[in-house]
Amino acid sequence: MKKQSKSTQSAQPQQGFFQNKRLQLILISVFVFFMYARIVSYEYIGLDDTTLIETNYKFIKNFNNVPTAFTKHVMYSGTALDSEKDYYRPMLTLSFMIDAHIAGNAKPRWYHFSNILYHLTACLLLFALLYRLKVNSIAIFLLTLLFSIHPVVDQAVAWIPGRNDTLLAIFVLSSFIFLLKYIETKENKDLVWHIVFFGCALFTKENGIMLSVLCLGYLGFYARDSFKSTWSKLVLGYLLFIIPWFFLRKAAIEGSTTDNSLHAALSNFLNNVPFILQYIGKAILPFNLSVMCMMEDVNYIQVIIALLIIAAAIFLSKNKRWFFILFGIAWFLIFLAPSFSARLVEGLEHRLYVPIIGFIILTAETDWMKNLSISDKKTWIVPAIYIAALVWITNSRLEIFKTRFNFNTSAMQTSAYSVVPCVNLAGDYDIVGKQNQAIEMYKIALKRDSVYGIIHPNNRVSYYYILHDNLGVIYLSKQMYKEAEQEFVLASKQGDLYAIYHIANVYSKTGRVEQAVPLWKKVITQQPNQPDFKDVYLRLAQYAKDKKDTTSFNYYISEFKKHDY
């Protein structure tokens, strides 16, 4: 028998690795856990996570509330006091219910671990999708690794509520894989599973509805024979989920302070489209990152270079399938577009989790991926350097999500316009007793809010009244009554009851009880069941007692007891 050369002997095991799917999946799994294991010890960062888990723990720990999760907004806690009704996310709530049942508590450790598991699941499904799309076996492995550690996905992994986009990816990928399988097998069970996972995606996030557009387009342009015999079944299947979803969502977010009309959605879309430039730049060159960036934070040099890289990759590739190039671009745009229909103030990077899969598909069709070869090590240089850079960026960046101070400080420093992190940071300082720092943060937030209002007078969420009210509360706690009153007066210009309540308290503390009384009465008349105002009944009762008004005294005491305070 002829002895093999050393080069042949060394090439065979390497080539064998790229033909061994199980070994590749194990290595990807180990890599994901190695990269993200430390987030298990991270705290809550105070951006929705404490509300969704700690505040709502009594609700999510009870599996009997599963049906309710499909009829209420995502912030629903089982009380009538929930005010933020903007989002309908039943599958996200269900995931927290599962976690609460397993963990048995509201500590963040297990919820973070679940986020890693969900991310790993999405990575493995992407691997399966690329395999079905007949991508170069080496490219499948590298592109899956690239996705697993891309810096724009780390927010979806390290921030607990970010899992909503991970869940969306899991259901979108599963649904599309079953569609591809149906095209090959023509078995109805595959079509059924495709539609079921579409329904799961839809009940995860509104963007899921775009999967129906993508799939019908794929069939219509690439698998026309299947389209002719299947489109009616697909449309019927999609509608079986879309119709109940539409009415359940409408009922769940009824009473939202956000304008959810079609006109508002179109207006928001037109105003927010420039955000797409940021997302394109960060998807290709993730070097200008911010967990809470604004539209004005876009780096146009970064965007231009990213677009040139995309154009070069496409047009310098000789052996490419144009349909999949266009399909990848369509995937990116289609899943990103619904985000622009909301009043998109901050460009949160986790929104790129599903859209960036489109760029992965596009990249797979370039010669940079198709020409990867075991025998020619030169073909590995660019992908290896790029992936190594992403590993370094993500590894360095994860610390942002360790504590709420880390998160909000980073958000404030990486965006010169964002107001929310300043507000959050001020609140964090106030909690730990650093009130002077809190005051400075609120002043910075007010300045940013004013500047952003000038830039975008027709498309902004103003924090003016909230900021003045919060600033007044700190002055009040420091017994700086004159300064507190000035802030509360500014905050009350829009009729905010909290500001009015606080003004009344200032009046009371400065010997002006007669002026405080009508304000207290106004507060409980408009919000008689608000626990934050429960002391008003006792204050009015004391005032009535001082005035020897027994009837009023008994009334206010009885009202206090009636509300079970």
Notebook entry, point to check: Can you tell me which residues in the stretch 43-58 are farther than 16 Å from THR403 by Cβ and crowded, with 21+ Cβ neighbours inside 10 Å?
Noted result: LEU52, ILE53, ASN56
Notebook entry, point to check: Any idea which of LEU124, LEU130, LEU120 is surrounded by fewer than 20 Cβ atoms within 10 Å (Cβ to Cβ), at pLDDT 90 or above, touching a helix residue (DSSP H, G or I) at 6+ places or on another chain (Cβ under 9 Å) and under 24 Å from ARG22 (Cβ atoms)?
Noted result: LEU124
Notebook entry, point to check: Is it true that some residue in the stretch 491-508 is of a type in the set (Val, Ile, Thr) and either at pLDDT below 90 or more than 44 Å from the chain's Cα centre (by Cα) (or both)?
Noted result: no
Note to self: Based on this model, can you work out whether ALA37 counts as hydrophobic (A, V, I, L, M, F, W, C) and surrounded by fewer than 22 Cβ atoms within 10 Å (Cβ to Cβ)?
What the structure shows: yes
Check: Residues of the stretch 283-300 being surrounded by fewer than 16 Cβ atoms within 10 Å (Cβ to Cβ) and touching a residue at least 60 places away in the same chain (Cβ under 8 Å), which ones?
Finding: PHE287, GLU296
Checklist line | Options GLN515, GLN435: the member that is under 23 Å from SER552 (Cα atoms) and modelled with pLDDT of 90 or more | finding: GLN515
Note to self: Among the residues in the stretch 354-364, are any in the same structural domain as LEU390 (by TED's automatic domain parsing) and farther than 30 Å from ILE177 by Cβ?
What the structure shows: no
Checklist line | Selection count where residues are over 16 Å from LYS320 (Cβ atoms) and among the acidic types (Asp, Glu), scope the stretch 346-381 | finding: 3
Check: Considering ASP532, ASP546, which residue is among the acidic types (Asp, Glu) and more than 23 Å from VAL489 (Cα to Cα)?
Finding: ASP546
Next item on the list: Out of the residues in the stretch 369-380 that are part of a helix (DSSP H, G or I) and hydrophobic (A, V, I, L, M, F, W, C), state the one that is farthest from ALA312 (Cα to Cα).
Entry: TRP380
Margin query: Return the pair list, or none, for Cβ contacts closer than 6 Å from residues in the stretch 209-236 that are among the polar types (S, T, N, Q) to residues that are surrounded by 14 or more Cβ atoms within 10 Å (Cβ to Cβ), at least 6 apart or on different chains.
Written below: SER212/TYR238; SER226/ILE183; SER226/LEU219
Next item on the list: Consider ASP86 carefully, then state whether it is more than 27 Å from PHE33 (Cα to Cα) and among the acidic types (Asp, Glu).
Entry: yes
Next item on the list: Just give me the residues in the stretch 217-240 being among the hydrophobic types (A, V, I, L, M, F, W, C) and surrounded by fewer than 17 Cβ atoms within 10 Å (Cβ to Cβ), in sequence order.
Entry: PHE221, ALA223, TRP231, VAL235, LEU236, LEU239, LEU240
Margin query: Please go through (1) touching a residue at least 40 places away in the same chain (Cβ under 8 Å); (2) under 18 Å from the mean Cα position of the chain (by Cα) for SER174 and return the number of the only condition it doesn't satisfy.
Written below: (2)
Note to self: If ASN188 meets every condition in (1) within 24 Å of TRP392 (Cα to Cα); (2) out of contact with any Gly (no Cβ under 7 Å at 6 or more places or on another chain) apart from one, which number is that one?
What the structure shows: (1)
Check: Just checking, how many residues over the stretch 346-380 are of a type in the set (Phe, Trp, Tyr) and more than 19 Å from ASN136 (Cβ to Cβ)?
Finding: 1
Check: What residue, of ILE280, ILE243, is outside any loop (DSSP other than H, G, I, E, B) and buried (at least 17 other Cβ atoms within 10 Å of the Cβ)?
Finding: ILE280
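The values are calculated or read from the model by the stated rules, or taken from the named source; none is laboratory data. Just so you know, these numbers come straight off a predicted model, no measurement behind them. Ideal geometry is used to build each Cβ from the backbone, glycine not excepted, and the neighbour counts take in all protein chains shown.
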